[in-house]
Amino acid sequence: MKIVSANGRSYRWMERPLAVVCVDGCEPAYIDEAVRAGVAPFFARMRSTGTALEADCVVPSFTNPNNLSIVTGVPPSVHGICGNYFYDPDAGAEVMMNDPKYLRCGTLLAAFADAGAQVAVVTAKDKLSRLLGHQLKGTCFSAEKADTATVELVGMPVPSVYSAELSEFVMAAGVRLAETRRPDLMYLSTTDYVQHKAAPGTAAANDFYAMMDRYLARLDALGYDIALTADHGMNAKHGADGLPSVVYLQDVLDGWLGAGRARVILPITDPYVVHHGALGSFATVYLSEDVKKKISELQGIEVVLTRDEAARRFELPADRIGDLVVVSTRHVVIGTSKARHDLSGLTEPLRSHGGITEQRVPLVFSRKVAVEPGRRVRNFDAFHLALNQAGVRAAA
Ligand SMILES: [Zn+2]
């Protein structure tokens, strides 16, 4: 039997073509509600004839760390990507972390391609495709920057980066690739525009999952095995008045220590801030005085960890996080200074992620898979379970 190894894990060669789908921001309740409403018959079928699990994603529960964990099979302590944005101590500057130079290992997708598999990666946003396609001998493109040939293949115009259609483009591209080039392995990664705006069970959310359902059913009909998971969950982050519930941590620290004594980094920061205003439930802080206890006593803060504690608990690269890691509670986000957040793009009450309260995500397979007993299931076990554990009889 042919085996492919990547980052200390082994994967069996696929028996049938496999599509792994990462639904951005898919809190498990989105699928529950869509199935309950009867608009997601294929999801319902996967639950009855396949396997439906819940798994823990990586904290910070952000897009890039989790997508990279899924395609490498390992936590950020190994692959190095622990946010969209960080303070680079070597450069002495706050920089985006979406350059492949920050990756510390290869992907299992590239390993399969090197072993002769036909591999295709389609993402919604362009920021991810460079990381996911790192050293990949195969197809890799984003819906956001789709070229003419891709648009012709998919048969859909390039959608706005802030739209449900950006995710639909990803799924339509996956189906068209399956129909025309039939890759052995596909990784399809959507965007959480809808999830940032619409709660589970709302019309907009159910429409989105009905759309996903149609494309998944199509991939299934084309003979693909399907594994579906999420990069992170999503929660309401506002009060009864509809305004965001924010701890402006830089303002708090400036008040305690004086300006310029602490640096709050929000790893959610990216060029696409319209739907979340750069507000999430995870921050790292560089500072010279020990105010760990004082921060943990602030209302809305769930936990404050030192660098070493956070690196151990969340499996993060210690050299890319601050002296402290601060996580807020389910309905609260962390900001820097109030003046630095442009919330004018928030047309709905804020929904966001980043914390431990967004760690539970779905992990659903079109086939029966057996989870090894006593094992903590992670979203980055998706390829392992789909390739190694499908059709394996569960140990008694
Ligand atoms: Zn995401």
Backbone HN-Hα couplings from phi across the stretch 216-224 [Karplus 6.51/-1.76/1.60, Hz, Gly and Pro as x]: 5, 4, 5, 4, 4, 5, 7, x, 8
Kirkwood hydrodynamic radius over Cα pairs of the chain, then Stokes diffusion coefficient at 10 °C and 1.306 mPa s, in µm²/s: 75
Helix-only CD estimate at 222 nm, as mean residue ellipticity for the chain, using -39500 (n - 2.57) per DSSP H run (n ≥ 4): -8500 deg cm²/dmol
Residue among Thr306, Thr180, Thr150 with the largest mean-square fluctuation in a Gaussian network model of the chain, springs linking Cα atoms under 10 Å: Thr180
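Which FRET efficiency value, to the nearest 0.05, do you get for Ser288 and Asp126 by plugging their Cβ-Cβ distance into 1/(1 + (r/R0)^6) with R0 = 45 Å?
Working: r = 38 Å, r/R0 = 0.84.
Once rounded, the FRET efficiency stands at 0.75.
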Of Val333, Val170, Val78, the one that fluctuates the most in a GNM where the chain has Cα springs shorter than 10 Å: Val78
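Taking the Cα centre of the chain as origin, sum charge times position over the Cβ atoms of Lys and Arg (+1) and Asp and Glu (-1), and report the length of that vector in debye to the nearest 20. Numbers along the way, then the final one.
Details: 41 positive and 44 negative charges, 208 e Å.
Dipole size: approximately 1000 debye.
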Estimated vicinal HN-Hα couplings, Hz - the stretch 139-145 in sequence order (Karplus 6.51, -1.76, 1.60; Gly, Pro = x): 8, 8, 8, 10, 5, 4, 10
Long-range amide H partners of Cys140 with built H, under 5 Å: Val121
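Looking at the chain only, what percent of DSSP beta bridges run antiparallel? Nearest 5 please. Could the numbers behind the result be given before it?
Details: 35 of 58 bridges.
Among the beta bridges of the chain, antiparallel pairing accounts for roughly 60 percent.
Set the Förster distance to 30 Å, then compute FRET efficiency between Ser296 and Thr202 from the Cβ-Cβ distance, nearest 0.05.
On the way: r = 35 Å, r/R0 = 1.15.
Efficiency, rounded to the nearest 0.05: 0.30.
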Sorted by Cβ density within 10 Å, fewest first, the residues Tyr286, Tyr187: Tyr286, Tyr187
Label-to-label distance, nm, for residues given as Ser344 and Asp147 (7 Å Cα→Cβ offset): 3.6
From phi via Karplus (6.51, -1.76, 1.60), per-residue ³J(HN,Hα) for the stretch 199-205 in Hz, x at Gly/Pro: 6, x, x, 6, 4, 5, 5
Trypsin sites (Lys or Arg not before Pro) lying in DSSP loop within the stretch 225-270, provided at most 16 other Cβ fall within 10 Å: Arg261
For Tyr85, residues with placed amide H under 5 Å, excluding near neighbours: Met97
The stretch 28-164: radius of gyration over Cα atoms, expressed as a fraction of 2.2 N^0.38 Å: 1.23
Extension gain, Val78 back to Asp308 (0.36 nm per residue minus Cα-Cα distance, nm): 81.3 nm
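Looking at the stretch 292-377, which trypsin sites (Lys or Arg not before Pro) are in a loop (DSSP not H, G, I, E or B) and have at most 11 other Cβ atoms within 10 Å? Please list the in-between numbers first.
Details: sites: Lys292, Lys293, Lys294, Arg307, Arg312, Arg313, Arg320, Arg330, Lys338, Arg340, Arg351, Arg360, Arg367, Lys368, Arg375, Arg376; in loops: Arg330, Arg367, Lys368, Arg375, Arg376.
Hits after loop and neighbour filter: Arg375, Arg376.
Order of Cys105, Cys57 from fewest to most other C-beta atoms within 10 Å?
Numbers: Cys105 16, Cys57 25.
The most exposed by this proxy come first: Cys105, Cys57.
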Per-bin percent of Cα-Cα distances, the stretch 318-391 [5 Å]: 3, 11, 14, 15, 14, 12, 12, 10, 6, 3, 0
Taking Ile301, Ile70, Ile226, Ile31 and counting other C-beta atoms within 10 Å, the order from fewest to most: Ile301, Ile226, Ile31, Ile70
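The numbers here are math on the coordinates, done by the rules we state, and not lab data. Just so you know, these numbers come straight off a predicted model, no measurement behind them. Because the Cβ atoms are built from the backbone with ideal geometry, glycine has one as well, and the counts that use them run over all protein chains shown.
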